[in-house]
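Undergrad: So that we are looking at the same thing, I have put the structure below in structure tokens.
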Amino acid sequence: MSGSVAGAPGNRSPYAGGVDWRRTQTKCCPTNPGSLHFGNQNSSFIDLREAYHVNKFPAVLSLLLILILPAQAAVVLTFEGVGDLASVLEYYNGGADSAGNSGTDYGISFGPSFFGLVDQDVGGSGNFANEPSASTVLLFQSAPAVLNVPAGFDTGFSFFYSAVTAITGAVNVFDGLNATGTLLASFDLPTQFNQDCVGDPTGAACNWDPIGLGFAGTAYSVDFSPAAGVVGFDNITFGRATPGAPDPVPAPGTLALLGLGLAGLVLRHRGQAQLTTTRTRRIAQRIRLDRAI
Ligand SMILES: [Ca+2]
Ligand SMILES: [Ca+2]
């Protein structure tokens, strides 16, 4: 396939389709259950509406947590922080890229071919625009280009891409490490790098499309090798068939509100339980009095 780039990151080489990716350094409540009462109109009673609230407390608390806390997160790699033309290597695996930068430890290890490319508009070497997370994308120069996830991931795999050349089977997901085992998902990428787009303010590869697939089983590696030198990637997403931005971290104010909300819910629950207990005791006492008369 034409377009593969030989040499270490930093070499300026033309790509198929006329794009040099690396320019020179110049650059509440359900239906109300009703007011059903135990006891007669003159006696104490237990309002089932209150009992309903008390008994449903665990479910309400769980729902609140589900709504407020982030869902079990997919991992989204934006490559922000990877050095320009630096090999990604262990940047997302508790280590560093070839420039010494470290990212979040997701247990994801990149083969030596992958490198980060920073938009020339912010001082890097990349000839691209409109990247989904500014201003760094992933590229690689030659096969093999495999990333490994020893802990595995499931459900789906997705990413944004900008392709200079159409490639069938450009990205392949396997259920073994180092692109071995069974092929779980395979991506065909059409040429679209400059369709209906302009730079930001500059950059030839200005069109980035999302693509993703769901799969059954557990994946341990992804092979990008067929896309060498002609496809840029960003927001690579593990565990979801739709690529996205990183899950937002709750702001301190949100966490404070969450704490207050939970505290209030717990106090309300305790108060209702105590009220119900008191009323139950009053009923028992009334029954004893009735029997004594
Ligand atoms: Ca740009
Ligand atoms: Ca990015």
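Undergrad: Report the net charge of residues surrounding Asn207, where surrounding means a beta-carbon distance below 11 angstrom and charges are Lys +1, Arg +1, Asp -1, Glu -1.
TA: For residues surrounding Asn207, the net value is -3.
Undergrad: What does the extension gain come out to for Ser142 and Thr155, with contour length at 0.36 nm per residue minus their alpha carbon separation?
TA: Contour length minus the Cα-Cα distance gives 1.8 nm.
Undergrad: Sticking with this one: Using unit Cβ charges (K, R positive; D, E negative) and no other charged atoms, how large, in debye to the nearest 20, is the dipole of region 75-238 about its Cα centre?
TA: Approximately 300 debye in magnitude.
Undergrad: Next question, about the same structure. Could you check what % of the DSSP bridge pairs in region 103-190 are antiparallel, to the nearest 5?
TA: Percent antiparallel among DSSP bridges in region 103-190 is about 90.
Undergrad: Along the charge dipole of region 75-238, which of Val122, Gly229, Gly100 sits closest to the positive end, that is, farthest toward it, with unit charges on the beta carbon of Lys, Arg, Asp and Glu (+1, +1, -1, -1)?
TA: Of Val122, Gly229, Gly100, it is Gly229.
Undergrad: Between Asp209 and Val122, 0.36 nm times their residue separation minus their Cα-Cα distance comes to what? Kindly include the intermediate steps, with their values, before the conclusion.
TA: Details: separation 87, 0.36 × 87 = 31.32 nm, distance 2.21 nm.
So the extension gain works out to 29.1 nm.
Undergrad: Does region 75-238 come out rounded, prolate or oblate, given a ≥ b ≥ c as the square roots of the eigenvalues of its C-alpha gyration tensor, rounded meaning a/c under 1.5 and, failing that, prolate meaning a/b above b/c?
TA: Here region 75-238 falls in the oblate category.
No lab work stands behind these numbers, since they all come straight from the coordinates. Because the structure is a prediction, the values reported are computed rather than measured. Positions of Cβ are generated from backbone atoms using ideal geometry, with glycine treated the same way; all protein chains shown enter the neighbour counts.
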